[in-house]
Every structure is written in C-alpha cells, then in structure tokens.
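First up is the structure itself, then whatever we jot down about it.
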Amino acid sequence: MLYGHTELHTGLRWECLPIGLSSYNLAYDQVRKQMKFQLQELDELNLEAYENSWIYKKNVKQFHDRQILRKEFQVSQRVLLFNSRLKLIVGKLYSRWDGPFVITNILPYGADEHTNNTFQVNGHQIKLFHEGPAPIVDDMEIISLMEPTPLDDTP
C-alpha cells in the first residue's frame, strides 16, 4: 500500500479500497481497542509493582534500623576510631581501628570530639576500647625464639 493507493499483483491501481478489505478495517479497530486495553493493564501493573517495591524498601529499612546497635558514649571514655583508608590496602593483619582516643565532648546527632588534636568524628565510626587485664611481671616467662649460638669446640 502506498499513500492510500492499492496495488495488486496484477499491477492494477485502485483509487479507493476495495469492498473486500473493509472487513480487515473492522479487525484493525478491534485490535486497536484490545491493544489499548492491554496498555492500560500494563500501566496498572506498573503502578502496583512500584507501590510494592516502595513497601518492600520501607520494610527493609525498618528491619535494618532495628539491627543497628545503638552506641552511647560518655565523656572520658576510651574509644577506637575506624580507619577507612585501610580498605584499599589488601592484607589480613592490618588493624582497621586506630587509637585509643579519649572522648572530650559529645555533640548532637552522634558526633563526638576526641583528644589528640581534638577532632570530630561520626559516632558510627568509633567503638568502645576494652582494655584487657594488665600483665603481671612476676608471672611472665620469657622465651627466646633465637637459635642458640654453638660453642666453639676446638681441641
């Protein structure tokens, strides 16, 4: 079909559509209505999926917020500071925590102020420093890991 003219295989040219093709026009109208209905259904499904994803995100956020441990620090407590730069260094034996630091001031919204150049840190980046028992010198045994040097056995 070219611009409203119909060419059959015989090469005849029709200025208007033949009567036999009008039944196809009815089918096109039905198909057009059906496609419009399907598009409306797709839009409804899209909106429903959007609402479900919003509800899912809200529930996941609530679950995550419940799992977060609430840390409350007091002034003069000793804490360790997370060193985020060590994420780039590969290795098991690197400690990712610096310190200990002493809290000098507690600011609102979880920010804390520490000694050693007095800087502010977000409360999520610090954890309480637990000191172990102090070693008693009398109970310690010293073990040398170096090989003993052989004595000169010259006859």
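We did not get these values from a lab; they are worked out from the coordinates using the rules stated. These figures come from a predicted structure and were not determined experimentally. Cβ placement follows ideal geometry from the backbone for every residue including glycine, while neighbour counts extend to all protein chains displayed.
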What order do you get for LEU45, LEU81, LEU145 when you list them from fewest to most C-beta neighbours inside 10 Å?
LEU145, LEU45, LEU81
Long-range amide H contacts for GLN77: which residues qualify at under 5 Å (H placed 1.01 Å from N, peptide plane, sequence gap of 5 or more or a different chain)?
ILE103
Env charge @ ALA49, Cβ radius under 13 Å, K,R +1 / D,E -1, value -4
Please give the FRET efficiency for MET35 paired with LYS57, using the beta carbon to beta carbon distance and R0 = 35 Å, rounded to the nearest 0.05.
0.60
Under a 5 Å amide H to amide H cut-off, with H placed in plane at 1.01 Å, what residues pair with ASN83 once short-range neighbours are removed?
TRP97, ASP98
